[in-house]
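Beneath this line is the structure, given in structure tokens, with notes to follow.
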Amino acid sequence: MAFEESTKDLIANVASLGFDLKGLIASKKIAVDFVYVERDQVTQVGEYNLDALFIRLGTAIDTIGAKRVVLDTIESLFSSLPNQGILRAELRRLFRWLKEKGVTAVITGESGVDTISRQGLEEYVSDCVILLDSCIQEQIASRRLRIVKYRGTLHGTNEYPFLIDQDGISLIPITSAGLNYQAVTGRVSSGIPRLDNMLGSKGFYRGSSIMVSGTAGTGKSSFLAHFADAGCRRSERVLFCAFEESPSQIARNMKSIGLDFDYWIKKDLLKIESIRPSQFGLDMHLIMIQKMVTTYQPKIVILDPITSFSDDRNEVAVKRILMKLVDFLKSKGVTAMFSSLTPSGMPVETSHVAISSLVDSWILLRDLESNGERNRGLYILKSRGMAHSNQVREFLITNKGVELVDVYSGTSGVLTGGARLSMLAQEKAIDLHMQEEVELRHLDVENKRNVLDAKIAEMRAEFAAQEAANIKLISQGKLRKTQLSADKYAMEIMRQSDTQVQSVKLKKDSR
Amino acid sequence: MTDKSIDLRVRPKKVSAKATKAKKYILRLYVAGSTPRSMAAISNIKKICDEKLAGFYLLEVIDLYQQPLLAAGHQIIAIPTLIKELPPPLRRIIGDLSDTEKVLVGLDLKAL
């Protein structure tokens, strides 16, 4: 029962939400009764009641066997009929009557200044009250819904944002996503082989959330693009939500690093959605991403960059939304990668929206500036649940994509780019020099040994000569002694000396 | 407030132009069953018509319990409702019609 729109208007208006009201009326699924009372045609004389309305409703319910009744907006009766007292009593009777009829009734009403409904009546007689409102923050409006009361249930008490688009109303109870998602153990490649190696040789966990952060121009988008490309190569659907570039611009730019996005888009493996963050409220973005994930069913979702959400916005709110988003994507088993812009001049570990605790893997890209050139460095700040490299890597963005190279880390610190190359050349020269030195030393030792050998031989010869001379002297001395004693004996014989003395002396000599 | 002031300006003209009794009055009274209020409304309007519009009126009493579909067709929500179909403008009077003066004003039979 419509109090504000005629049947014709109603049919036209709900068609934009995807409802075929005309068809439903024709097949007797819905009966529409447009109640219209011109205030200035009506004069009240004496007491009245709304029996006619009851009869109309009853007839309509009976003709199609309705189970549900919608009264939109009952309040307009108050503006078109005099005597509020009677109306209030009749309204109360109407609610009771609908209940007795056994139909579920949805009754709309405007909210009052201090009360939920303008007449302060409906919320008391209803079993369930749902409050809709629209709030405007930073010139962006978002619709919200809250269940004020629902008799006999444990209902959610929070305010939930909702969306009205061509598919009707989308409401996703985002806060219901808890921390009980199933962890997935499969791994996915990052699209950069050496980065996979750094991540325990296998890449990221499927269903994890990965953040790539860095200052401007560090190549965040290129990393995301590689990840997207790797997903497409595995024939997985990828949803790329870009908040700063248009789809064609992304496709063009990625072509320069050898990634053909147009091809993947044609194969329906990649969908690039470009949305300005300021276009909708935060909640709306969340719902839209959720809707896209539900309809497109991607395995990988990429958000580039999430920091654009926090422009002029409450960072706490941004974190809350991202938390919900991360929870949602995890519950769907979707691997999410987002980039985060670090403002230059701040410590690189400062993640702008402080969602570092939400992400499973965090790759930090940074500028390494020295010797008048800027080079790009990368390291894995954290990666939950896997052994990951602690090395700083330099990476180059070439026309074949991102390539990782080792940085020079030696006595003079970490060097990259030109400095790394020159240092490597310098090291090579030093190596060469060292080698020559070693060879020289070898020769020197050899020489010295030869000299030593020669000296030894000379000394040996000298010694041999002296030895021979000495031996000769000794034998000569012996000979002389024998000769002397023989001579003495001969002389004694000649002198005819005492024989005893003679024999003793002879004995001594023979010894 | 503005509505009323417009009414006041318009009404005297119409009263002088249309309430000439040259035209016939067609009145419909919608009731629901024979409740005391319905009965009172019926007797009240009959009395007024006989007194002021004798011979110039057609009064039809419709019981919505008997003809429920007419309620939607004629945009009736309150009971009892008296509708002055002719002469124009169309007027609706809701209630038991107990105040004759007010009914006459409502039927453009008497200026305010």
Taking segment A:55-65 and keeping only residues that are within 7 Å of chain B (Cβ to nearest Cβ) and among the aliphatic types (A, V, I, L, M), one is left with A:Ile55
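Restricting attention to segment B:67-85, does a residue exist that is of a type in the set (Asp, Glu), surrounded by fewer than 20 Cβ atoms within 10 Å (Cβ to Cβ) and modelled with pLDDT under 85? Write out each step before concluding.
First, the residues of segment B:67-85 that are of a type in the set (Asp, Glu): B:85.
With the extra rule that they be surrounded by fewer than 20 Cβ atoms within 10 Å (Cβ to Cβ), the set shrinks to B:85.
Filter once more, keeping what is modelled with pLDDT under 85: B:85.
Yes: segment B:67-85 contains one or more residues that are of a type in the set (Asp, Glu), surrounded by fewer than 20 Cβ atoms within 10 Å (Cβ to Cβ) and modelled with pLDDT under 85.
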Being touching a residue at least 40 places away in the same chain (Cβ under 8 Å), of a type outside the set (A, V, I, L, M, F, W, C) and touching a helix residue (DSSP H, G or I) at 6+ places or on another chain (Cβ under 9 Å) narrows A:Lys267, A:Lys299, A:Lys271 down to just A:Lys299
Of the residues in segment B:29-68 that are farther than 30 Å from A:Leu57 by Cα and part of a loop (DSSP other than H, G, I, E, B), the one that is nearest to the chain's Cα centre (by Cα) is B:Leu53
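Would you mind finding the one in B:Leu109, B:Leu82, B:Leu104, B:Leu90 that is within 25 Å of A:Ile74 (Cβ to Cβ) and more than 7 Å from chain A (Cβ to nearest Cβ)? Working first, answer last.
On the way: B:Leu109 fails: within 25 Å of A:Ile74 (Cβ to Cβ); B:Leu104 fails: within 25 Å of A:Ile74 (Cβ to Cβ); B:Leu90 fails: more than 7 Å from chain A (Cβ to nearest Cβ).
B:Leu82 is the lone residue from the list that is within 25 Å of A:Ile74 (Cβ to Cβ) and more than 7 Å from chain A (Cβ to nearest Cβ).
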Counting only residues in segment A:298-331 that are surrounded by fewer than 19 Cβ atoms within 10 Å (Cβ to Cβ) and touching a strand residue (DSSP E or B) at 6+ places or on another chain (Cβ under 9 Å), the one farthest from A:Leu282 (Cα to Cα) is identified as A:Asn314
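In a helix (DSSP H, G or I) and more than 60 Å from the chain's Cα centre (by Cα) - does that describe any residue in segment A:436-443?
Step one: of segment A:436-443, the residues in a helix (DSSP H, G or I) are A:436-443.
Checking the rest, the ones that are also more than 60 Å from the chain's Cα centre (by Cα) come to A:443.
There is at least one residue in segment A:436-443 that is in a helix (DSSP H, G or I) and more than 60 Å from the chain's Cα centre (by Cα).
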The correct count of residues that are buried (at least 17 other Cβ atoms within 10 Å of the Cβ) and hydroxyl-bearing (Ser, Thr, Tyr) in segment A:214-254 is 3
Going by what's in this entry, would A:Phe78 be described as part of a helix (DSSP H, G or I), within 14 Å of chain B (Cβ to nearest Cβ) and modelled with pLDDT under 85? yes
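Please indicate, with yes or no, whether at least one residue in segment A:82-100 is surrounded by fewer than 14 Cβ atoms within 10 Å (Cβ to Cβ), more than 9 Å from chain B (Cβ to nearest Cβ) and at pLDDT below 85. Lay out the reasoning, then the answer.
Our first condition is that a residue be surrounded by fewer than 14 Cβ atoms within 10 Å (Cβ to Cβ); within segment A:82-100, this holds for A:84-85, A:96, A:99-100.
Still in the list and also more than 9 Å from chain B (Cβ to nearest Cβ): A:84-85, A:96, A:99-100.
Pick out the ones that are also at pLDDT below 85 and you get A:84-85.
The answer is yes; a qualifying residue exists.
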Taking segment A:1-41 and keeping residues in contact with a strand residue (DSSP E or B) (Cβ under 8 Å, 6 or more places away or on another chain) and outside any loop (DSSP other than H, G, I, E, B) leaves A:Ala2, A:Thr7, A:Leu10, A:Phe34, A:Gln41
All-but-one check, B:Ala54 against (1) without any contact (Cβ under 8 Å) to a residue 12 or more places away in the chain; (2) closer than 28 Å to A:Leu91 by Cβ; (3) among the hydrophobic types (A, V, I, L, M, F, W, C), failing number (2)
Assess whether A:Ser27 counts as being away from chain B (no Cβ under 14 Å) and without any contact (Cβ under 8 Å) to a residue 24 or more places away in the chain. yes
* Asked: Within segment A:288-297, can one find any residue that is surrounded by fewer than 22 Cβ atoms within 10 Å (Cβ to Cβ) and over 23 Å from A:Val188 (Cβ atoms)?
  -> yes
Residue within segment A:2-15 that is within 30 Å of B:Asp108 (Cβ to Cβ), within 14 Å of chain B (Cβ to nearest Cβ), out of contact with any helix residue (DSSP H, G or I) (no Cβ under 8 Å at 6 or more places or on another chain) and crowded, with 17+ Cβ neighbours inside 10 Å present
no
Output for Cβ contacts, cut-off 7 Å, separation at least six or different chains, first residue within 7 Å of chain B (Cβ to nearest Cβ) and within 13 Å of A:Ser80 (Cα to Cα) in segment A:39-54, second among the polar types (S, T, N, Q) and in a loop (DSSP other than H, G, I, E, B), reads A:Gln44/A:Asn83
Problem set entry | Any chance A:Ser170 is modelled with pLDDT of 75 or more and closer than 30 Å to A:Val392 by Cα | no
Checked against (1) assigned to a loop (DSSP other than H, G, I, E, B); (2) more than 27 Å from A:Leu378 (Cβ to Cβ), A:Glu244 satisfies every condition except (2)
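The values are calculated or read from the model by the stated rules, or taken from the named source; none is laboratory data. On a predicted model such as this, the values are computed, not experimentally measured, just so you know. Neighbour counts are summed over all protein chains in view; Cβ atoms, including those assigned to glycine, are modelled from backbone coordinates with ideal geometry.
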